[in-house]
Amino acid sequence: MLALLAGVAAVVGSYALAGFTPAYVVAPVDAWLQRVMPGVVVTFAIETLGSLGQQLNLLTATGLVALVFAALARAALYVAAGARSDALAVVATAGLAWGGSFALTGALGPAAGAGLAAGGTVAVGALADGRGLHAGGDADPDRGRRRTIAALAGVVGVGSVSMLRNGLPVPSEDEGGGDVEISEGAQADLDLADERSLGVDGIEPLISESFYNVDINSVDPQVDAEEWSLSITGAVEEEITVDMDDIREMESRREFVTLRCVGENLNGKKMDTALWTGVDVRDLLERAGVDSDCECVMLRAADDYFEEFPLAAFDDGHGMLAYEMNGAPLPRSHGFPLRALVMGHWGEINVKWLDEIELLEREADGYWEQRGWHGTGPVHTVAKLHAVNDLDDGRKRVAGHAYAGVRGVSAVEVSTDGGDSWSNARLSEELPGEDVWRQWAYDYEPPGGQHEVVVRAIEDGGTVQTEEEMGSFPNGPTGWVSQTVR
Ligand SMILES: Nc1nc2c(c(=O)[nH]1)N[C@H]1C(S)=C(S)[C@@H](COP(=O)(O)O)O[C@H]1N2
Ligand SMILES: [Mo]
């Protein structure tokens, strides 16, 4: 029992010093689990569990790590009992936990948290024991109980400290600092988006207040912008490497861009919009001189994520390397210090924490394609239905967002009789930019009783969003969103 508690203490102690960063002992194991998990399992988890799947993975990783450290503590206690020394038990447990944590994370300082907490737990256990751990006599239930209670108190103590310091050890949505200064031009654009938002209760404004996150790991990389660099490699005339100063010196632009995840449900909420500042990828590629037979490219990132797609996706200024989101530096969870934005394409290839652009000689599979997905192409058109509100005058107001990538949305049609008849919804005035969603809203007199509301988007060219229903795997969801309203 004492060893088990020491194992838990190691995890908690590591969290106390490292927080939810890659230096937290659970982070590498979580990442490893996600990598070795068969594609079908991951896909099942995404489709049926959503982000719960990732939390399960994290929980499993946490349990595994605690067990490993418990085994290390068990070994330390065993050796120390042989030597009849409680001091050795404490020191050996601490040393093994420190060393084990360092071996997993490569971060020596934060690993001390694991060592101190595990060693400390054994120490309080030994003190509470009265006669000394090495005195044996596990048969004495009183001593055993005292040990356990003392050690448990130790774990709870360290746990409280780390929660106070770092909050719960779960992925946090935008941890964006409250006091960041927003550049002046960006503020004007954000104000414009604010003005053009329809302001309907229950739907996000045109600039999302809470921007979704999809990551292969529970713990995001923590990249030091000073040390960061981006390399253009592979089939180029000359490989080049640039740093953040180089990027900032380049001609930049600011654009509203919507992202949508290929793995989301048809009416899901993994579709959001922000104002991004960055540079055109082609300006960098030109410097390196592209010489790729397949005309294709692989983007690689600090979390070992990689996605491959045709270079043509960067045509017409559709490839951007962004370092600001909504006028502030990119938050860590959205790829600090630099991410790719590939307009009109599924979120998947909008690689975060980007550190290498490799020009390829022949096509290859990306991270998700290795797991059966086809998410490197253009997004599907969708009109979502996220609000059904009762107006004061007895009418109803339904509303949502519509998005068609670079094809653009020209109209949203709403049916309140299950698709028999259609009317045009009001649309938010278009924001400047080629790849940005619009809001729609529609007020109507309810027919009395239950009825079926259906929505569909019309693209700029007049093409109607496809009615054919498909799940998100492997190409992204299609079909018309409908909801029974009463
Ligand atoms: N490095 C890296 N980039 C990544 C991912 C990732 O796991 N790692 N996820 C991708 C997926 S599947 C999507 S939908 C978008 C989500 O971007 P967001 O988290 O900023 O919303 O990022 C993409 N870029
Ligand atoms: Mo995604």
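Does Asp316 satisfy being under 21 Å from Ala364 (Cα atoms) and either at pLDDT 95 or above or within 13 Å of ligand 1 (Cβ to nearest atom) (or both)?
No.
Which fully enclosed helices (runs of 4 or more DSSP H) of region 6-124 have 3 or more residues being under 19 Å from the mean Cα position of the chain (by Cα)?
Answer list for region 6-124: 26-36, 39-44, 52-82.
Identify, from the list Leu391, Leu431, Leu427, the residue that is more than 30 Å from Ile216 (Cβ to Cβ), aliphatic (A, V, I, L, M), more than 16 Å from ligand 2 (Cβ to nearest atom) and within 28 Å of the chain's Cα centre (by Cα).
The unique qualifying residue is Leu431.
Among (1) acidic (Asp, Glu); (2) within 16 Å of ligand 1 (Cβ to nearest atom); (3) within 26 Å of Glu295 (Cβ to Cβ); (4) surrounded by fewer than 16 Cβ atoms within 10 Å (Cβ to Cβ), where does Glu209 come up short?
It is condition (3) that Glu209 fails.
Six or more apart or on different chains, Cβ under 9 Å: which pairs go from a residue in region 441-459 that's acidic (Asp, Glu) to one that's crowded, with 20+ Cβ neighbours inside 10 Å and assigned to a strand (DSSP E or B)? Could you list them?
Asp443/Val398; Glu459/Val409
Is there any pair linking a residue in region 48-70 that is touching a residue at least 12 places away in the same chain (Cβ under 8 Å) and surrounded by fewer than 18 Cβ atoms within 10 Å (Cβ to Cβ) to one that is aliphatic (A, V, I, L, M) and part of a helix (DSSP H, G or I), with Cβ under 8 Å and at least six apart or on different chains, and which?
Sorted first by the residue in region 48-70, then by its partner, the pairs are Thr60/Leu33; Leu64/Val29; Leu64/Leu33.
Report those strands (runs of 3 or more DSSP E) wholly inside region 316-360 carrying at least 3 residues which are away from ligand 2 (no atom under 16 Å from the Cβ).
319-325, 354-360
Filter region 351-373 down to the residues that are under 24 Å from Ser218 (Cβ atoms) and buried (at least 24 other Cβ atoms within 10 Å of the Cβ), then identify the one that is farthest from ligand 1 (Cβ to nearest atom).
Among them, the one singled out is Trp373.
I want to confirm something. Restricting to region 287-310 and keeping residues that are over 12 Å from Arg362 (Cα atoms) and not in a strand (DSSP E or B), which single residue is farthest from ligand 2 (Cβ to nearest atom)?
Gly289
Go through region 245-278 residue by residue and tally those that are closer than 23 Å to Met298 by Cα and either within 23 Å of the chain's Cα centre (by Cα) or within 15 Å of ligand 2 (Cβ to nearest atom) (or both).
10
The values are calculated or read from the model by the stated rules, or taken from the named source; none is laboratory data. Only a predicted model underlies this, so the values are computations on that prediction, with no experimental measurement involved. Here Cβ is always computed from backbone atoms with ideal geometry, including for glycine, and neighbour counts include all displayed protein chains.
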